[in-house]
Every structure is written in C-alpha cells, then in structure tokens.
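Worksheet for the structure shown next.
The values are calculated or read from the model by the stated rules, or taken from the named source; none is laboratory data. Everything quoted here is computed from the prediction, not taken from an experiment. Cβ placement follows ideal geometry from the backbone for every residue including glycine, while neighbour counts extend to all protein chains displayed.
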Amino acid sequence: MNKSRLVLTLKSFTPEELKRLGEFLNSPYFNKSKTLVKFYSELKKFYPEFPEEKISKEILYRKLFKDKEYNEQVMKNLISDLNRLCRDFLTVEITRADSFENRLNFLRQMILRKTDPVFFSELKNFETELKKTSEISERNFYYLYQLEEAKISFHLERNQQPLVFDKVLRSGEYLILFFLLHLTKTISNLNVNKQSFNATYETNLPEVFFNNVAMESVINYMKEKNVEYAYLAELYYYRVVCNTHPYDEEYYFKFRKLLMDSLGKLSRIEVYGLFNALETYCMRKLNAGESKFINELFDVFCKEIDNGFYKYSDSSPVTTMKFRNTYLPALTLKKYEWVENFIDKFSKDLVQPDRDTITRIARAQIEFERGNFEKVLESLAELTSELFYLKIDIRNLTLMSYYELNYTESVLSGIDSYRHFLMGNKSLTDVFRESHLRFINALGSLIQFKEKRKEEKLEELKDKLMAYKSERRIRWLIEKIEN
C-alpha cells in the first residue's frame, strides 16, 4: 500500500492541499460516497510517512467496516475511486491556477451560449491584460492568437464572415510571434546542450528550419510595414545568431543593445531567458580564450542582480551552474567582498543536495585567492558531488593548494588521478576535456622544469600558456612560472 499510486500521490500533497482535498471529497458535486470520505480520513492520519504496518488494506478495512469479513474487491474499488478523485482534484487545482486557460474556456462557452454582451466584456478585459507592455511573453502571444481564433469562431457562429478578415490576419501574426519566440528558445537550448554537455543530434529540424528562413528579410518587412512587435522579432533573431555565429561579435552587441532597449516592455520570465543567452555567449567566448569577456560577463550578472531578474521568479531556486558562473568572473576580477555578499545573499536559494558543496567551494575559492591554502584544503576535505563541474573545481583547487604548500608528491598523485577522470568521463565536451588536460599537463611540466632548473623550458611553457590566459587556472600557472 505504501508504494501504491494513491499513497505516492498523497505524499506529494502539502498540508494545505490535503485540507482542500478533504473539502473536495465532502462536496456532493464531486463525491457522493460517505465511505470514501471516511477512507480518506483514516488514510490521512498517517501523512506524510504512511508507514506500511499502519495502512495495510486489512487494517484500513477493519476501521471502515468493523466486524465485517475482509473483502479485497471493496478495498480495490475504494483505492481506485479515491485515486481517481485525487486526479480530479489536481485537475481542478491546476485549472484554477491557470487564469488564462480558464478565461479562454469561458469565452468559448459564451460563444456557444450566445451570451454576446458577456463575451465582449470578458474579451476586452482579457485582451487588455495580455497586451500590457510589461507583460509581453511567449505565453501572451499564444493566448492573443487564441483570442483572435475565438473572435473568428464568434463571427462564423453568427454568419458574419466579412468581420473575420482582419482577425485571420492578426491570428497569423500572433501565431508567428509565438512560434518565433519558442523556436529561438529551442535553438538556444540545443546549442547550450551541445556546448556544455556534449549532446549530439543526428537530425536538428528546428535549426535547419531557422537557417533556411530568410529571417532578416521578414524582420525588414515587419519594420517597413510597422508591424506590431517587429522589435521583438529582431531581438529574438539576434538571440540565436549571436550564439550560432560566435566569432561575429557585432551580433552579440546588437543583441545586447536590443535587449537593453526592450527591458521595460518584457515580462520577467522573458528577460531572464534573454539574459541567460548573454551569459551563454560570454561563457563561450571565455572558453575560447577571449579574456575581455570576463568584464562583460560580470556586468551581465550585475545587471541581473541589480534589476531583480537574476532568478526566474522570487520563489525560484538558483542552479549550481549559474551560482558558480556568477562568482568565478568576480573572483578573477578580485572582487572578493562582492563575492562574499553574493554568497550570503543567494546561497540560501540553492537546491540540495549540492547547496552546501557549492557554497563551501565558493568560500574555498576566496580563501585561495587570499593565500589561505590550508583553509582551502580543510574546506574541501571529503567534499564530493555528482556534478562533474563541481568535481573539477574541487580537483583544481586541491592541486593548486598542494602546489602552493609544496606538497609535490600530492600534486603528482592528484594529476594522475585527474587525468584518468578526464579521459574516462564521456559526458565532457572535447573543448572542456582538452582545457583541463592542458592545465594538469602544464602543472606537471612546471614541477619538472623547476626541479631541474630548466629556465628556457619554463619560458617556452609560459609562451604556450599565454594563448589561454583568460582561464583563471592558466593565469595562476603563468604567475607561478614568473615567480
């Protein structure tokens, strides 16, 4: 019983949801079985653990029917009925929570019921809300498209064909805007998966479709004809091309300018996603060795934090990846106090199980920059994570601290272990793997050349590393060579 679909569903409920479920079951509109209400009341007593020894079907049956002989079919029916009503309850909860879908369905009913004054009143209110300049989003365009479709249905139901002409046009415009926003987000996400997680796609219809549509011509047409939201089509177009053409920096700066000019017109959710695209571009340039984007990336994060859209919503968590990507450029720029304030403010928004791990790594990074290498090793001792990039950070910091403390044998042993980890992890991109192999190979060479006092070899090593000085660990190696 503890592993049944019913109990698993009930375990997922909050106490407030359980209370509302009880009210739902007591409503004769949804449920007329008093036995079912009693069954739920008995079961609810054991929330949230629902221990098996207390909720077996036999025990619950005796509580419901006292001295009657146990009937397996009766219990199966009760469990099935309560499970169905739980699904019905969640459907009602979801429907109530989605005001847009509710209002659209209400309009559709008013069309069928011929309650025209009610239809027009609700239509006007809904349309006004969707067109609020501060609430422009992909979702809004979807519902604006649906509203035009509702208007078309309204007039066709009343045999008013000439009144649908302009609405058919607007329906198509809103559908294109919805599709364009969704398509560009999809392509951006596909690119992130390829760059960060080594994902491969044998076929990529979204990308092929986008590349074969003359989007610049479409955008120029929209601007010439003063089509509403032309600026938005241009903004999302540049969101894609700046990441599909990373070497043409003009695309990035055009995208950034369009975004800054549009901040007051977009919903928080849209702004959050667009700034993520700026982050992705800057990270890609940094990984390619272009150190000037360190300041750019830090500036992007500062704008997000200062303007209140660093997180998807006030209640949303911060991912460990974003948290890490935020403090690393700040450390590179030696903004240690800023990093400490950032950790204090946002670490509570990290999700477990990696909240403590990433927080300890971040604080260890500060200690390393301040030269407190023993503290770094204390912070990282026995620290583990399932996330490969946190494993990498732990290994890098540990090796660098060993070196600073002249623990040469520990460094060499760590390099060997690190190399096996990099070569055996198939989820790493080639660029990522090569970057970290370059670091540990150079660290090994640094130790060897210094021990044998090969000054010329050290200079050669330094010259090779200069091409990658945008990486913090490489800059550290260069400093060690120079010292």
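Each residue in region 148-181 was checked for being crowded, with 16+ Cβ neighbours inside 10 Å and closer than 30 Å to E207 by Cβ, and 12 pass. Considering the conditions (1) in contact (Cβ under 8 Å) with a residue 24 or more places away in the chain; (2) in contact with an Asp or Glu (Cβ under 9 Å, 6 or more places away or on another chain), L85 is excluded by exactly one of them, (2).
Rundown of residues vs (1) in a helix (DSSP H, G or I); (2) farther than 27 Å from K469 by Cα; (3) at pLDDT 95 or above, yes/no style:
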{"position": "S262", "(1), (2), (3)": "yes, yes, no"}
{"position": "G273", "(1), (2), (3)": "yes, yes, no"}
{"position": "G289", "(1), (2), (3)": "no, no, no"}
{"position": "F301", "(1), (2), (3)": "yes, no, yes"}
{"position": "I305", "(1), (2), (3)": "yes, yes, yes"}
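Counting only residues that are under 23 Å from K426 (Cα atoms), among the polar types (S, T, N, Q) and assigned to a helix (DSSP H, G or I), which one in region 189-214 is modelled with the highest pLDDT? Give the derivation first.
The first filter runs over region 189-214 and keeps only residues under 23 Å from K426 (Cα atoms), leaving 189-204.
Now drop any that are not among the polar types (S, T, N, Q), which leaves 189, 191, 193, 195-196, 198, 200, 203-204.
Retained after the next criterion (residues that are assigned to a helix (DSSP H, G or I)): 189, 191, 193, 195-196.
Values: N189: 89, N191: 86, N193: 85, Q195: 77, S196: 73.
Among residues in region 189-214 that are under 23 Å from K426 (Cα atoms), among the polar types (S, T, N, Q) and assigned to a helix (DSSP H, G or I), the one modelled with the highest pLDDT is N189.
Based on this model, can you work out whether S267 counts as in contact with a Ser or Thr (Cβ under 6 Å, 6 or more places away or on another chain) and in contact (Cβ under 8 Å) with a residue 12 or more places away in the chain? In short, yes.
The helices (runs of 4 or more DSSP H) located wholly in region 375-465 that include 3 or more residues which are of a type in the set (D, E) occupy 430-451, 455-465. The single residue among L85, L144, L163 that is in a helix (DSSP H, G or I), within 30 Å of S4 (Cβ to Cβ), of a type outside the set (K, R) and modelled with pLDDT of 95 or more turns out to be L85.
Here region 226-240 is the region considered, the condition is being hydrophobic (A, V, I, L, M, F, W, C) and in contact (Cβ under 8 Å) with a residue 12 or more places away in the chain, and the residue that is nearest to T184 (Cα to Cα) is V240. Restricted to region 409-431, and to residues that are out of contact with any His (no Cβ under 7 Å at 6 or more places or on another chain) and hydrophobic (A, V, I, L, M, F, W, C), which residue is nearest to T398 (Cα to Cα)? Residue satisfying both the conditions and the ranking: V411.
Closer than 24 Å to F106 by Cβ, surrounded by 12 or more Cβ atoms within 10 Å (Cβ to Cβ) and modelled with pLDDT under 95: does that describe E129?
On the way: closer than 24 Å to F106 by Cβ: yes; surrounded by 12 or more Cβ atoms within 10 Å (Cβ to Cβ): yes; modelled with pLDDT under 95: yes.
Here the answer is yes, as E129 does meet what is asked.
Take the conditions (1) more than 20 Å from I447 (Cα to Cα); (2) within 29 Å of the chain's Cα centre (by Cα); E378 misses just one of them, which is (2). Among the residues that make up region 202-218, is at least one of them within 18 Å of R284 (Cα to Cα) and of a type in the set (D, E, K, R)? No: region 202-218 contains no residue that is within 18 Å of R284 (Cα to Cα) and of a type in the set (D, E, K, R). Could you go through region 318-339 and let me know if any residue there is surrounded by 13 or more Cβ atoms within 10 Å (Cβ to Cβ), touching a strand residue (DSSP E or B) at 6+ places or on another chain (Cβ under 9 Å), more than 20 Å from R472 (Cα to Cα) and without any contact (Cβ under 8 Å) to a residue 60 or more places away in the chain. Looking through region 318-339, at least one residue is surrounded by 13 or more Cβ atoms within 10 Å (Cβ to Cβ), touching a strand residue (DSSP E or B) at 6+ places or on another chain (Cβ under 9 Å), more than 20 Å from R472 (Cα to Cα) and without any contact (Cβ under 8 Å) to a residue 60 or more places away in the chain. Restricting region 258-317 to residues that are under 15 Å from the mean Cα position of the chain (by Cα) and hydrophobic (A, V, I, L, M, F, W, C) leaves a set whose member that is surrounded by the most Cβ atoms within 10 Å (Cβ to Cβ) is A277.
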